[in-house]
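**Q** Here's a structure for you.
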Amino acid sequence: MLSDELKRITGHELEERQPLKHRLHVCMGTGCISAGSDRVKTALETELRVMNLDGTYAVTTGGCRGLCAAGPLVAIDGDTNIAQRVTTENVPELVQRMTDLPDSLRLPTEMPFFRNQKKVVLEYSGNLDPNRIDDYITAGGYTALNHALTEMTPAQTVDEIMRSGLRGRGGAGYPTGLKWQTVAKAHGERKFVICNGDEGDPGAFMDRSVMEDYPFKVLEGVTIAGYAIGAQQGYLYVRAEYPLAVKRLKSAIRQAEKIGLLGSNIGGTPFSFNIDVRLGAGAFVCGEETALIASIEGKRGHPRPRPPYPAARGLWGCPTLINNVETFSSIAPIIRQGADWFAGIGTEKSKGTKVFALSGRVNYTGLIEVPMGTTLREIVFEIGGGIPDGRQFKAIQTGGPSGGCIPAEFLDTPVDYESLAALGSIMGSGGMIVMDDTSCMVDVARYFMEFCKTESCGKCAPCRIGTAQMHDLLTIITAGQATLEDLERLEKLCDMVRSTSLCGLGQSAPNPVISTLRYFRHEYVSHIVDHHCPAGVCSALSQPQEAAE
């Protein structure tokens, strides 16, 4: 039985750990690796051998702990004793004083960055080795799958997700359980599950971190979904620019197959399920579900009109369930702890937690997870530690290139789907970029429009031509060559592109322009009428007109 195998693996793992006095988890996420954590891990292993401690002290690969600004991070025996900004030079001091870290190394884990979070997707807080399935199982991994396969019917599994109130974390916020139910009821001999890991928003790295740090949790969620809807094949669609995530996911699949958690008759049950990895070639539009399906089928990643929706006619014409990485990573906790537990977190219409990549002009950048309904002010000024260098907060951009820029007057807005939409922004997949008073909002809009123009697949004229024309208008505004008629033309283009584009990329591309016009119109007027950039960013307009004369 599956439960017996999980107990056996857990018992063996705990027995192996028994002689250890300390376990040192070195963050080996992409952020910390870029800061040298791989060299730190090697230096720690060498130091322990020199001191003859390698039999009772273990150095393991750990996941991201969120505070990327303080990496490389090394956690000693869990969440409360963490060393920050570790280098190879201070490894000897860390080993000598690991239970009493000096202030120069100790990360104050009581700080609001950690204290004000609630972790569901990131529940293991970087304490698992993403390369070892035994580590995940010992922490309770795959108990949710076992519970679903042995104590729940597929319909009960779908119902549990529906009652939880989980909404798709990819951006649109569609009820996850309702999507599962639709696919489960769809007619078809074959059905598929697709995990969308094609995260392409500037400033976003939520899905990348989850895939890198908790690959087994992603697999467990996808497998439970396969059981619930009656599928036998799943695909992980991952950006090729995420090589570490791809490597760890492929390794996780092999390990799960080896012990019977993927493949035929999982855990001795009638349920069989396989998962394969497919790489995206870097096209942002392939985050749109119909373009993603075309890409998996070996076609060019172009979106198609809907309906039919993938739930009825998706991959190779079969009913297909598509959710993103964070959505699937919420499934195992819901099955383990119950729908009522998850529904008790968040707001009335936005249940649970949300993972955000907090970046830009904020003191503590990194990965955070907070209950839905947490205010923007708490995220920026408590969890994020406020604005560096004594500058003034100006705006926060949520939802990536499809989102909007929210000014200071709305800092007390709760972060949920409805509240952000009311301000002209979106939740998106979870990128949050903080801007201070050195940011020019016209230039910010131009930057995001350049991204959308470049990433347009070109299939429909409104997006292909409209985004290029909007970018051209924003460029001449920042160059001081525009007129008020050009501003009027820009607004009309925004409405046309939003109303007539084929897919979500084009329909949401004008959002940064619309939101900056809504809240920072005076900056546009200043560029056009006064030939002055208030933030001093646009080089052609960096000085007031009278000074230039």
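What follows is calculated from the coordinates using simple rules that are stated; it is not laboratory data. In this text the structure is predicted, and so the values were computed from the model without any measurement. Don't worry about glycine lacking a Cβ; one is built from the backbone with ideal geometry, like all the others, and counts go over all protein chains shown.
**Q** Got a sec? Charge dipole of the chain, +1 on Cβ for Lys and Arg, -1 for Asp and Glu; which of P307, N363, Q84 is way out at the positive end?
**A** Most positive-ward Cα: P307.
**Q** Under the classification rounded if a/c is under 1.5, otherwise prolate if a/b is larger than b/c and oblate if not, where does the stretch 2-111 fall, given a ≥ b ≥ c as square roots of the Cα gyration tensor eigenvalues? If you can, show how the numbers build up before the last one.
**A** Details: a/c = 1.85, a/b = 1.43, b/c = 1.29.
It is prolate, given that a/c is not under 1.5 and a/b is the larger ratio.
**Q** Hey, another quick one. Considering the options I137, A479, T30, tell which one lies farthest towards the positive end of the dipole of the chain, charges being +1 on Lys and Arg and -1 on Asp and Glu at the Cβ, about the Cα centre.
**A** So the residue furthest toward the plus end is I137.
**Q** What ranking of S359, S251, S499 emerges when the number of other C-beta atoms within 10 Å of each C-beta is taken as an exposure proxy, fewest first? Don't jump to the answer; show the numbers that get you there.
**A** Values: S359 21, S251 16, S499 11.
The most exposed by this proxy come first: S499, S251, S359.
**Q** I would also like to ask the following. Would you please give the residues with an amide H less than 5 Å from that of K354, counting only those at least 5 places away or on a separate chain, with H modeled from the backbone geometry?
**A** For K354, the qualifying residues are V370, M372.
**Q** Quick one: grab the alpha carbon gyration tensor of the stretch 141-342, order the square roots of its eigenvalues as a ≥ b ≥ c, and give me rounded if a/c is under 1.5, else prolate or oblate depending on whether a/b is larger than b/c. If you can, show how the numbers build up before the last one.
**A** Numbers: a/c = 1.40, a/b = 1.21, b/c = 1.15.
Note, shape of the stretch 141-342 comes out rounded.
**Q** Something else about it: Where the centroid of each part is defined by its Cα atoms, how far is the stretch 373-405 from the stretch 253-315 in Å?
**A** Centre-to-centre distance over Cα atoms comes out at 35 Å.
**Q** Using θ = phi - 60° and the Karplus curve 6.51 cos²θ - 1.76 cosθ + 1.60, what whole-Hz ³J(HN,Hα) does each residue of the stretch 64-80 get, with Gly and Pro shown as x?
**A** 5, 9, x, 7, 4, 5, 10, x, x, 10, 10, 9, 9, 6, x, 9, 9
**Q** Positive end of the dipole of the chain, charges at C-beta (+1 Lys, Arg; -1 Asp, Glu), about the Cα centre: which of M435, T516, H532 has its Cα farthest in that direction?
**A** Value: T516.
**Q** Pull up all non-local amide H partners of I322: gap of 5 or more, or a different chain, and H-to-H distance under 5 Å with H placed in the peptide plane.
**A** Those lying under 5 Å, H to H, from I322 are I194.
**Q** Does the chain classify as rounded, prolate or oblate by the C-alpha gyration tensor (a ≥ b ≥ c root eigenvalues; a/c under 1.5 gives rounded; else a/b over b/c gives prolate, otherwise oblate)?
**A** Working: a/c = 2.15, a/b = 1.27, b/c = 1.69.
It is oblate, given that a/c is not under 1.5 and a/b is not larger than b/c.
**Q** Excluding A231 itself, what net charge comes from residues whose Cβ is under 10 Å from its Cβ, given Lys and Arg +1 and Asp and Glu -1?
**A** For residues surrounding A231, the net value is +2.
**Q** Can you compute the charge dipole magnitude of the chain about its Cα centre, using +1 on each Lys and Arg Cβ and -1 on each Asp and Glu Cβ, nothing else charged? Give it in debye, rounded to the nearest 20. Kindly include the intermediate steps, with their values, before the conclusion.
**A** On the way: 54 positive and 63 negative charges, 311 e Å.
The calculation lands at about 1500 debye.
**Q** For a quick protection proxy, order the peptides 80-91, 288-299 by their average other-Cβ count within 10 Å, most packed first. Could the numbers behind the result be given before it?
**A** Details: 80-91: 18.2, 288-299: 20.3.
Answer by packing, highest mean first, reads 288-299, 80-91.
**Q** Kindly write out, for the stretch 350-355 in residue order, the coupling ³J(HN,Hα) from the Karplus curve 6.51 cos²θ - 1.76 cosθ + 1.60 (θ = phi - 60°), rounded to whole Hz, with x marking Gly and Pro.
**A** Each residue's phi maps through the Karplus curve to give 10, 8, x, 10, 9, 8 Hz.
**Q** Something else about it: ³J(HN,Hα) across the stretch 169-184 via Karplus (A = 6.51, B = -1.76, C = 1.60, θ = phi - 60°), whole Hz, x for Gly/Pro?
**A** The phi angles translate into 8, x, x, 7, x, 6, x, 5, x, 5, 5, 4, 4, 4, 5, 4 Hz.
**Q** Report, to the nearest 10°, how far helix 154-164 tilts away from the longest principal axis of the Cα atoms in the chain, using its own Cα long axis and a range of 0 to 90°.
**A** Taking Cα atoms only, the helix is inclined about 50 degrees.
**Q** In degrees from 0 to 90, rounded to the nearest 10, what is the angle of the helix 441-455 Cα long axis to the longest principal axis of the chain?
**A** Result, in degrees: 60.
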